[in-house]
Structure formats: C-alpha cells, structure tokens
Amino acid sequence: MPWAGTSVGPQAFIFAFTLVNTYWTVEDFTVTDIFAAGENVAVFGSFIYRSVATSHQVHSPFSIHSKVRNGRIVHFQFMEDTYATGRSFSMGGHWAVKSDPQGEAFDVHSPSP
C-alpha cells in the first residue's frame, strides 16, 4: 500500500489519509479509549472500510501511538489488521498458506466480487 512505511513531515500525514480515503469509503471509525502520559498518546478503537475498487467491506481494530511536543505531533504510528485491509482488495482466486510449522499448508479461496 503506497502510504505504508516511514514518512516525514506534515505532508506525509495528509498524503497517507488522503490515499486511505481514495482507496476505501470509511463507513465507521470509532475511538473507544485514549490515554496520555507526558508526550505519549495512545488511541484505540475500530473501523469499517469498504474498498472503492471491489466493494469488499473490512472491519478492523486499530491503535495509534503518537508523541506530541509543543502541541504538534512529532511521531504517529497507526496499527491495524493489515491482513484484513489488504484482503479487501482481493478479486478472487486462491493461495496456499502454511502458518503452523508442524501442520500442513491449506488453500484459501477468496470469492469473486
């Protein structure tokens, strides 16, 4: 996803959330908890996005860790279920998955939209 990774400056923040709103329709974004200790801020909640390209809906928890100094965000890390959000772009097909080191691989089938 083009907004993932490390970016610097206020424009990076705007770029990331502009693209999120280009690729998905935000159907719900709920903040459930906010905590702060000094310059550290933690935010927790969940969201529902719908892929603009595929119409697949995804529900994910999220967390944010920020550092705020002199009223400005100097660090911002957004965490979500990237497996689920990435799969919202799936157009069907199947792929093999092997998660258990002692187990067998299995096929995951994704329905076409």
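The values are calculated or read from the model by the stated rules, or taken from the named source; none is laboratory data. Just so it is clear, the structure is predicted and the values come from calculations on it, not from any experiment. Note: ideal-geometry Cβ built from the backbone for every residue, glycine included; neighbour counts use all protein chains shown. Only protein heavy atoms, including side chains, enter the accessible area calculation; ligands, DNA and RNA are left aside. Shrake-Rupley method; radii C 1.70, N 1.55, O 1.52, S 1.80 Å.
A few remarks follow.
- Residue that is surrounded by the most Cβ atoms within 10 Å (Cβ to Cβ) [pool: residues in the range 6-35 that are of a type in the set (A, V, I, L, M) and within 18 Å of Thr82 (Cα to Cα)]: Ala16
- Residue in the range 36-43 that is touching a residue at least 24 places away in the same chain (Cβ under 8 Å), part of a loop (DSSP other than H, G, I, E, B), within 17 Å of Ala84 (Cα to Cα) and over 15 Å from the mean Cα position of the chain (by Cα) present: no
- Residues within the range 10-52 that are in contact with an Asp or Glu (Cβ under 9 Å, 6 or more places away or on another chain) and under 21 Å from Gly71 (Cβ atoms), tallied: 2
- The selection criterion, being open to solvent by less than 70 Å² (accessible area, probe 1.4 Å) and closer than 21 Å to Thr22 by Cα, holds for Ser51.
- The requirement of being in contact with a Gly (Cβ under 8 Å, 6 or more places away or on another chain), closer than 14 Å to Trp24 by Cβ and not polar (S, T, N, Q) is satisfied by Phe62.
- The residue of the range 71-113 that is most open to solvent (accessible area, probe 1.4 Å), among those that are of a type in the set (Val, Ile, Thr) and outside any helix (DSSP H, G or I), is Ile73.
- Residue in the range 50-66 that is farther than 19 Å from Ala84 by Cα and either outside any strand (DSSP E or B) or touching a residue at least 40 places away in the same chain (Cβ under 8 Å) (or both) present: no
- Boolean, Ser63 is touching a strand residue (DSSP E or B) at 6+ places or on another chain (Cβ under 6 Å), farther than 17 Å from Phe17 by Cα and either surrounded by 13 or more Cβ atoms within 10 Å (Cβ to Cβ) or hydroxyl-bearing (Ser, Thr, Tyr) (or both): no
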